[in-house]
1. Examine the stretch 193-212 for a residue that is in a helix (DSSP H, G or I) and in contact with a Cys (Cβ under 8 Å, 6 or more places away or on another chain), and state whether such a residue exists.
2. Read through the list (1) more than 14 Å from the ligand (Cβ to nearest atom); (2) assigned to a helix (DSSP H, G or I); (3) touching a residue at least 24 places away in the same chain (Cβ under 8 Å); (4) of a type in the set (Ser, Thr, Tyr), then give the number of the only condition that Thr177 fails.
3. Looking at Thr234, Thr230, Thr238, which one is part of a loop (DSSP other than H, G, I, E, B), buried (at least 20 other Cβ atoms within 10 Å of the Cβ), in contact (Cβ under 8 Å) with a residue 24 or more places away in the chain and touching a strand residue (DSSP E or B) at 6+ places or on another chain (Cβ under 6 Å)?
4. What are the pairs with Cβ atoms under 9 angstrom where one residue, in the stretch 155-169, is modelled with pLDDT under 95 and the other, located anywhere, is of a type in the set (A, V, I, L, M, F, W, C)? Sequence gap at least six, or different chains.
5. Could you list, in sequence order, all residues of the stretch 259-309 that are without any contact (Cβ under 8 Å) to a residue 12 or more places away in the chain and either within 11 Å of the ligand (Cβ to nearest atom) or surrounded by 15 or more Cβ atoms within 10 Å (Cβ to Cβ) (or both)?
6. Kindly evaluate Met340 against the criterion of being over 16 Å from Asn190 (Cα atoms), without any contact (Cβ under 8 Å) to a residue 40 or more places away in the chain and either part of a helix (DSSP H, G or I) or not assigned by TED's automatic domain parsing to the domain that holds Val140 (or both).
7. Taking the stated definitions as given, is Glu13 acidic (Asp, Glu), at pLDDT below 95 and either under 21 Å from Val120 (Cβ atoms) or surrounded by 14 or more Cβ atoms within 10 Å (Cβ to Cβ) (or both)?
8. Do we have any residue at all in the stretch 62-81 that's assigned by TED's automatic domain parsing to the domain that holds Ala155, modelled with pLDDT of 95 or more, hydroxyl-bearing (Ser, Thr, Tyr) and under 24 Å from Leu249 (Cα atoms)?
Amino acid sequence: MRSARHQTSLENENSMRGMTDERVLVTGGAGYIGSHTIKQLLARGRKVVALDNLSAGHREMVLCDELVVVDVTDLDGLRQAFSRYRIGAVIHFAAHTAVGESVENPEKYYRNNLLGGLNVLRLMQERGIRTLIFSSSAAVYGEPRSIPIKEAHPAAPVNPYGRSKRMFEEILTDCGTAYGLQHVSLRYFNAAGSDEEGQIGERHEPETHLIPIVLEAAAGLRPHIEIYGTDYPTRDGTGVRDYIHVDDLARAHVAALEAVEDGYAAPVYNLGIGRGYTVHQVIDACRRVTGREIPVVEGPRRPGDPPALVADPERAMGDLDWRPRFTTLEPIVKTAWRWMQADGVRS
Ligand code: UFG
């Protein structure tokens, strides 16, 4: 849909976007997906201001010239940040993201993910900013009834993290109706890998995600990788996930922003590669990439893990003129491994 309308004027339009004084404000800009998105925004000539409380993010991952250190739950601090810049649009990442922790401490999740988001919306309204891209999650689907998952699949989250994401999507729908807010929620499947150029990358403390954990085991930083469940109704009994490269995710944010600015984006897009890999397949890919032994221990299921989550990304590919460049697992793992080795040397 996009390419036909845009072919002739695309270059002009992009240089126009780059020429405006308005910045894109990226909350959670020092985090994993936020920092990669900033890199892609800069590559498109956009001016950016990052906002982060640095509780989980890292200052050195922020490649734009402005970083405001503030917590999204601090309305006054946020107001000061919003008043300092001319902001044309917001990409809202700032959130707590650990599913297990959200079960143990739901109040923390609702406070940060909902109150923080509401503060952002309040300030957008105060300053007449009408465009928001929201970092949502496949966690809104809960235990899916069918695979691959389309956006029309019922949302039935099974943990406070997923519920906080779903609730905020609904808040956006209401704000769209009431105030004319233009919004897009991007439901990510499993973000993986690191910046292709090796400038920035994934650094979670503590790390809970499969690929970096397996690579840490390969590097000898962990004694083994524990597989959470080998009795799922999947190809080899282990959990299936759709791993999407973080640069592809980041480019999808830029594409969604441009689409909503041009007035034709849908409210929700699934972002994955449309292909599922089991935990065993991930470990095998890591063995091939690293050439190392990776000791494995089989353990019980992790509570709340669905057997399989695989995206149907057709809507995003059709509307946003976007395609994942990484369409198989091994090249994704390669970028993660390269980053981990470089990052280990740095720290
Ligand atoms: N896994 C293991 N051992 C580990 C870690 C993970 O076997 O040490 C398995 C999990 O059981 C799952 C797969 O590897 O089958 C992927 O697990 P991750 O923790 O890497 O990712 P999740 O699929 O659990 O979570 C991701 C995002 C969440 C998001 C969720 C959507 O990290 O933010 O997808 O359901 F909410």
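The values are calculated or read from the model by the stated rules, or taken from the named source; none is laboratory data. Computed from a prediction, not measured in an experiment: that's the story for all the values here. We place every Cβ from the backbone using ideal geometry, glycine too, and count neighbours over all the protein chains shown. Keep in mind that these areas ignore ligands, DNA and RNA; they rest on the heavy atoms of the full protein, side chains included. Shrake-Rupley method; radii C 1.70, N 1.55, O 1.52, S 1.80 Å.
1. To start, the set of residues in the stretch 193-212 that are in a helix (DSSP H, G or I) comprises 210-212.
Narrowing the set further to residues that are in contact with a Cys (Cβ under 8 Å, 6 or more places away or on another chain) leaves 211.
Yes, the stretch 193-212 contains at least one residue that is in a helix (DSSP H, G or I) and in contact with a Cys (Cβ under 8 Å, 6 or more places away or on another chain).
2. (3)
3. Details: Thr234 fails: buried (at least 20 other Cβ atoms within 10 Å of the Cβ); Thr230 fails: buried (at least 20 other Cβ atoms within 10 Å of the Cβ).
Result of the check over Thr234, Thr230, Thr238: Thr238.
4. Val158/Ala139; Asn159/Val99; Asn159/Val103; Asn159/Ala139
5. Matches in the stretch 259-309: Asp284 only.
6. On the way: over 16 Å from Asn190 (Cα atoms): yes; without any contact (Cβ under 8 Å) to a residue 40 or more places away in the chain: no; either part of a helix (DSSP H, G or I) or not assigned by TED's automatic domain parsing to the domain that holds Val140 (or both): yes.
Here the answer is no, as Met340 does not meet what is asked.
7. Working: acidic (Asp, Glu): yes; at pLDDT below 95: yes; either under 21 Å from Val120 (Cβ atoms) or surrounded by 14 or more Cβ atoms within 10 Å (Cβ to Cβ) (or both): yes.
Here the answer is yes, as Glu13 does meet what is asked.
8. Let us first name the residues in the stretch 62-81 that are assigned by TED's automatic domain parsing to the domain that holds Ala155, namely 62-81.
Among the residues that remain, those that are also modelled with pLDDT of 95 or more are: 62-81.
Among the residues that remain, those that are also hydroxyl-bearing (Ser, Thr, Tyr) are: 73.
Still in the list and also under 24 Å from Leu249 (Cα atoms): none.
So far as the stretch 62-81 goes, no, none of its residues is assigned by TED's automatic domain parsing to the domain that holds Ala155, modelled with pLDDT of 95 or more, hydroxyl-bearing (Ser, Thr, Tyr) and under 24 Å from Leu249 (Cα atoms).
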